[in-house]
Structures are given as C-alpha cells and as structure tokens.
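S.K.: One structure, pasted below without further comment.
The values are calculated or read from the model by the stated rules, or taken from the named source; none is laboratory data. What you see is a predicted model; the values in this text were computed from it and never measured. Note that each Cβ is placed from the backbone with ideal geometry, even for glycine, and that neighbours are counted across all protein chains shown. When the accessible area is computed, the model is the full protein with side chains, heavy atoms only, and any ligands, DNA or RNA have been set aside. Shrake-Rupley method; radii C 1.70, N 1.55, O 1.52, S 1.80 Å.
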Amino acid sequence: MLSFSKRSLTALALLLAMLMLLVSCGNKLHVITASGDTYFDKKTDTYYSVLPPAYEPIARGEEYGTVDLAGMTQTLYEVVGQSPTKYLCSSFGDVYYDRDASPVLFDAWKLSAAYVCTNTATVISELTLHADKEEHAPVLDDLQAAIVSGANVTYPSYLTPKRIYVLRFTSQNAPGLYYSIKLLQYGEDIYDVVKNEAGEDAEVSLGNTFLYDRYTDRFVAIDDTVFRLLDNEELAPTPEGETDQP
C-alpha cells in the first residue's frame, strides 16, 4: 500500500492547484464588449465591425472570445486561414473584421472559384467553377460584374422560383471567407417596365435567371450559363466582340 507524508501531500496539492491555474489561464477567452455596431477586444486593443451577411466563414476555428448581445452571451471563433485580430466569426456565420484594417470587399476579390450549392439544410456543391479553367474564367468574371454593377430590378415576391441555388465565391486575396448570393431561375420570363426612347412606359423581358441578395434586396438579371453547366449542356462559343450578358 502506498503511503505519503503530510509534507508530500501538501506539495502535491500545491502542484495540482498550479496546474489548474495554468490551464484556466491558458483557456481564458477574450472578453469583447459591444457598443452600438462596434466591438472592442481590450486584450488586443482591436475594434471590430460586422461585414454584410453575404460574407461567411469557410471554416470556424478555435473559440476566441465572448460578447454579450441583447443580454445573451455569444461565443466568437477564429476564422480558419485568418488572424483573429483581423477576422472573427460567430456560430451564426457573422464575420467580424478589424475596423482599422479595411477588409477586401467583393468588388476587389480576385476570384478563385465559385461553388454552386443546394439551397437546403445539408449543403451540397453540385458544380464548381474554377478561375484557372479557360471555360470557367469568363463565367466568373460575368457573375462578379453582375453582382457589383448589374442593374438592380424589382424583386417579384409574388412568384416562386423553379430552381434555387446558392453561389459561394472564394478569393485569393480574402482567404477563409465566402461571398454568398442566391441564384434563381423562374419557370417564365420576368418583365419590368422601363422608359423607351419616346419617354413612354414599355414592358421589357429580363429573362428568367437572376442573382438575389435578400439582405440588400438586390435582384440582378443574368444569363442562364450556370444552369446550362449544371445541366451538362455544352456552351456555344461567344462570337468575338459580343458578350453573353443580357
């Protein structure tokens, strides 16, 4: 039977207490305070703001800190591929960025790929467009241009799309993040009323395929190239000097 002296037991207890203290200190999360739309990490002297909901973390890393929002404590996590003093994320997918280091926004993204994902609880990518593939590069360019500067038209809330996907873009210069937007296709063409050359109202077809950001209510007409790729249709080459954009 093992026996210990009183002195040995006291030393062992002190050692265990020190180990517990070290583990506790090592695991202590950053306390981030919220003030309006600003979030402050006193430990690193970093002020964060939140990116629009279209920006999402690709993967959530280690627990980093906590923040009290509307009386509830939320855990914030590192974004895999980014420094936690630059980006954090919540369990809801919100992305927090260092306010003093301007984030690279989508209009300046150098696209790597776009994943065409199902709009379901279990996300499945049914098609990947790669920027380094000759046939995909112009498709990605057109999609980015449409999102950034395409004409915004009225969202037809009275119609239900026939097909719904989510485009998730990745970028060489914004590692660790997705930019996500809905890809919709309707069973019929959508029409909008515009002024013609005579200044009169005229109904114009916008086609049946659109990009939609429900947070900003941005609704932009595009061609059906992505759906043709999804359906394994061969794309006809675009004549030189013309564009496949509507």
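S.K.: For the subset of the stretch 41-51 comprising residues that are open to solvent by less than 70 Å² (accessible area, probe 1.4 Å) and assigned to a loop (DSSP other than H, G, I, E, B), which member is nearest to Val123 (Cα to Cα)? Even if it seems obvious, please write down each step before you answer.
M.R.: Initial filter on the stretch 41-51 (open to solvent by less than 70 Å² (accessible area, probe 1.4 Å)): 41, 44, 46, 48-51.
Narrowing further to those that are assigned to a loop (DSSP other than H, G, I, E, B): 44, 51.
Numbers: Thr44: 35, Leu51: 22 Å.
Only one residue tops the list, namely Leu51.
S.K.: Still on this structure, please answer the following. Under the condition of being more than 14 Å from the chain's Cα centre (by Cα) and either closer than 28 Å to Val226 by Cα or among the β-branched types (Val, Ile, Thr) (or both), which residue from the stretch 98-111 is least open to solvent (accessible area, probe 1.4 Å)? Quick ask: steps written out before the conclusion?
M.R.: First, the residues of the stretch 98-111 that are more than 14 Å from the chain's Cα centre (by Cα): 98-102, 108, 110.
Next, only the ones that are either closer than 28 Å to Val226 by Cα or among the β-branched types (Val, Ile, Thr) (or both) stay: 108, 110.
Details: Ala108: 53, Lys110: 126 Å².
Ranking the candidates gives Ala108 first.
S.K.: Ok, one more. Does Val95 meet the test of being more than 27 Å from Arg163 (Cα to Cα), buried (at least 19 other Cβ atoms within 10 Å of the Cβ) and out of contact with any helix residue (DSSP H, G or I) (no Cβ under 7 Å at 6 or more places or on another chain)?
M.R.: Taking the combined requirement at face value, the residue satisfies it.
S.K.: Here is a follow-up. In the stretch 186-222, which residues are assigned to a loop (DSSP other than H, G, I, E, B), open to solvent by less than 30 Å² (accessible area, probe 1.4 Å) and on the phi < 0 side of the Ramachandran plot? Even if it seems obvious, please write down each step before you answer.
M.R.: First, pick out the residues of the stretch 186-222 that are assigned to a loop (DSSP other than H, G, I, E, B): 186-190, 196-200, 206-208, 214-217, 222.
Retained after the next criterion (residues that are open to solvent by less than 30 Å² (accessible area, probe 1.4 Å)): 186, 190, 207, 222.
Once the filter is applied, which keeps residues that are assigned to a loop (DSSP other than H, G, I, E, B), open to solvent by less than 30 Å² (accessible area, probe 1.4 Å) and on the phi < 0 side of the Ramachandran plot, the stretch 186-222 yields Tyr186, Ile190, Ile222.
S.K.: Any chance you could count how many residues in the stretch 1-32 are outside any helix (DSSP H, G or I), at pLDDT below 95 and either surrounded by 11 or more Cβ atoms within 10 Å (Cβ to Cβ) or within 28 Å of the chain's Cα centre (by Cα) (or both)?
M.R.: 1
S.K.: Please pick out the residue among Ala137, Ala151 that is open to solvent by less than 80 Å² (accessible area, probe 1.4 Å) and over 30 Å from Val193 (Cα atoms).
M.R.: Selected residue: Ala137, the only one of Ala137, Ala151 that is open to solvent by less than 80 Å² (accessible area, probe 1.4 Å) and over 30 Å from Val193 (Cα atoms).
S.K.: Of all residues in the stretch 121-180 being of a type in the set (D, E, K, R) and in contact with a strand residue (DSSP E or B) (Cβ under 6 Å, 6 or more places away or on another chain), which is farthest from Cys89 (Cα to Cα)?
M.R.: Top of the filtered list is Lys162.
S.K.: Which of the numbered conditions does Ala174 fail, given that it passes all the others? Conditions: (1) hydrophobic (A, V, I, L, M, F, W, C); (2) surrounded by fewer than 17 Cβ atoms within 10 Å (Cβ to Cβ); (3) in a loop (DSSP other than H, G, I, E, B).
M.R.: Single failed check for Ala174: (2).
S.K.: If you go through the stretch 156-172 one residue at a time, how many are at pLDDT below 95 and farther than 14 Å from Thr209 by Cβ?
M.R.: Here the count works out to 3.
S.K.: Thr160: surrounded by 14 or more Cβ atoms within 10 Å (Cβ to Cβ) and either touching a Gly at 6+ places or on another chain (Cβ under 6 Å) or among the hydroxyl-bearing types (Ser, Thr, Tyr) (or both), yes or no?
M.R.: Taking the combined requirement at face value, the residue does not satisfy it.
S.K.: Just to verify a result, which residue in the stretch 122-134, among those that are among the hydrophobic types (A, V, I, L, M, F, W, C) and loosely packed, with under 14 Cβ neighbours inside 10 Å, is modelled with the highest pLDDT?
M.R.: Among those residues, the one meeting the criterion is Ile124.
S.K.: May I ask you to say which residue of Tyr155, Tyr178 is among the aromatic types (Phe, Trp, Tyr) and farther than 27 Å from Ser102 by Cα?
M.R.: When all the criteria are applied, what remains is Tyr155.
S.K.: Determine if the stretch 64-79 includes at least one residue that is surrounded by fewer than 17 Cβ atoms within 10 Å (Cβ to Cβ) and charged (D, E, K, R).
M.R.: Looking for residues that are surrounded by fewer than 17 Cβ atoms within 10 Å (Cβ to Cβ) and charged (D, E, K, R), one finds at least one in the stretch 64-79, hence yes.
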